[in-house]
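Written below as structure tokens is the structure these notes are about.
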Amino acid sequence: MYTIDTLRLEITQQCPLACGHCSVSAGLRRTQKMDHTVACKLIKEFKDQGGQSLIVTGGEPLLHESLHSILECSKVCGLNTILFSMGVLFDSSYRLVPIDSSRALEMKNWVDLCRVSLHSGLAARHDALTRIQGSFEATCLAVKNMVKAGINVTCTFFAYPGNLTDLLQAATLCDELGIHELRILTSVPQGRAATKGDSLFCAFRATQRAYRYDR
């Protein structure tokens, strides 16, 4: 009998960033969200079918007001719980802010792993891809808080022609931040990336795989 061992839930399309390669065209004005009761129902049904791991993503899942309930449901079901997040929010003035130490400590109780994205070891290059100034610094601060809280943090690096020479710097940065894994990903022609033509595609496209750097 065929079973699905991993469930991926995109619980919101809202995000404080505006990444050019985003596969779901997430953004600040995209307010569509999955109701937490629906999410928990899916999680329980998934567990009943033999599921093992849950990936919670968005958009930026930290912006979902019921994220805690969704993560708690996953842990109560005994699932390996993975959060895809940049670790950033926005304040009442819509300024980008990283999660603080207390939020990171709270997350530690509900996630087994958090995967962030760093697209360069250079702030300007990373921010050019997220299209939000200050996003590099905010994510780095968020990672520091998560690692300090004891969260297992891994990283993705979106490879495109404009940042290939930054890979070694990004790997070095990950090592300095306490990130133990860096995965290199390539663009898929969907969402916002579908409007970019070939500008986001690079030599890695032909491999159709992700490469891993392990510390």
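Numbers for the structure displayed
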| quantity | calculated |
| --- | --- |
| Matching residues in the range 113-129 - criterion: being buried (at least 21 other Cβ atoms within 10 Å of the Cβ), assigned to a helix (DSSP H, G or I) and modelled with pLDDT of 95 or more | 126 |
| Criterion (under 20 Å from residue 96 (Cβ atoms) and in a helix (DSSP H, G or I)) met by exactly one of 176, 137 | 137 |
| Scan of the range 80-112 for residues that are crowded, with 21+ Cβ neighbours inside 10 Å and not β-branched (Val, Ile, Thr), ordered by number | 83, 85, 86, 87, 98, 104, 107 |
| Residue among 150, 78 that is in a loop (DSSP other than H, G, I, E, B), under 30 Å from residue 49 (Cα atoms), small (Gly, Ala, Ser) and in contact (Cβ under 8 Å) with a residue 24 or more places away in the chain | 78 |
| Residue within the range 127-145 that is on the phi > 0 side of the Ramachandran plot and either hydroxyl-bearing (Ser, Thr, Tyr) or in contact with a Leu (Cβ under 6 Å, 6 or more places away or on another chain) (or both) present | yes |
| Qualifying positions in the range 1-12 - crowded, with 18+ Cβ neighbours inside 10 Å and either under 19 Å from residue 129 (Cβ atoms) or among the basic types (Lys, Arg) (or both) | none |
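The values are calculated or read from the model by the stated rules, or taken from the named source; none is laboratory data. Keep in mind that what you see is a predicted model, and the values were worked out from it rather than measured. We place every Cβ from the backbone using ideal geometry, glycine too, and count neighbours over all the protein chains shown.
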